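Taken together, the values in this text are just the output of simple stated rules run on the coordinates, not laboratory data. Since the structure is predicted, the reported quantities are computational estimates derived from the model, not experimental observations. Ideal geometry is used to build each Cβ from the backbone, glycine not excepted, and the neighbour counts take in all protein chains shown.
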Amino acid sequence: MNPALLALQQQLPAAEGPGLLDFFWQSGPMAKIVLGVLVAFSLVSWAIMIGKYLHLLRADRQSDTFLEAFHKSSRFSEVNSVAAKLGASPLVGIFQAGYAEIDGQIKHAQDLETAKGGERRYRITSLPALERSLARAVSVELAGVSRWAPFLATTAAAAPFIGLFGTVWGIMVAFRDIGMTGSTSLVAVAPGIAEALINTAAGLAAAIPALVGYNYFAARIRGLRARMEDFVQEFINMAERNFT
């Protein structure tokens, strides 16, 4: 052989064989269905995590602004006018529920005093009723901030098993191909092995971020719940001082 041609052939890169994905696309429809389900779980989980992060960030910022206005104001009516602009804060929903309950009780008490010919006073008639209204508001706000978070837990728990199903199916395909061809060469079993490996990796790729995200948001929601409960106690103390 011509030495120049031999040197040129040695400089050329060796041809690459088919990759794992190439073998995967040669596999059956079940592998693609499993991968599609895992990709859908992963995309929805990431959308929830991004949306939840922005939601909680906005809720924390508006809660700080609301608490500052709440502590500076001397009347609930002033706070209520500020609260209308801070709807992302769960504290606003709690305050509005408490304010509506106080307003309703005061008007009812004034109507009774007017009917009796007495003096109209700004007094609430039932502190336990106010506490129940605030407790209901806390439950509503918690349900709002926790919305879609259980899907992350479902993804973290289910995705590895869906991937495991794809893994088992791929191994079954590999053994079937061995039985049909009578050969244990890589070419014969490659589609089944590729199916198993890719679905295993996809299951873990969907589950791990969802698990980390769920634990993170669960901690953030617990902190927000403690903040709401502290605000409820502060609201009740203020109502008891001013309206009883």
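Using the Karplus curve 6.51 cos²θ - 1.76 cosθ + 1.60 with θ = phi - 60°, what ³J(HN,Hα) values do you get for each residue of the stretch 137-149, in whole Hz, with x for Gly and Pro?
Those phi angles translate into 5, 4, 4, 5, 5, 5, 4, x, 6, 8, 4, 6, 4 Hz.
Read phi for every residue in the stretch 199-204 and hand back ³J(HN,Hα) as whole Hz from Karplus 6.51 cos²θ - 1.76 cosθ + 1.60, θ = phi - 60°, with x for Gly and Pro.
5, 4, 5, 5, x, 5
If R0 is 25 Å, what FRET efficiency do you get for residue 127 and residue 68 from their C-beta distance, rounded to 0.05?
The calculated FRET efficiency here is 0.40.
Can you work out the Karplus-derived ³J(HN,Hα) for every residue in the stretch 226-235? Use 6.51 cos²θ - 1.76 cosθ + 1.60 with θ = phi - 60°, whole Hz, and x for glycine or proline.
4, 5, 5, 5, 5, 5, 4, 4, 5, 5
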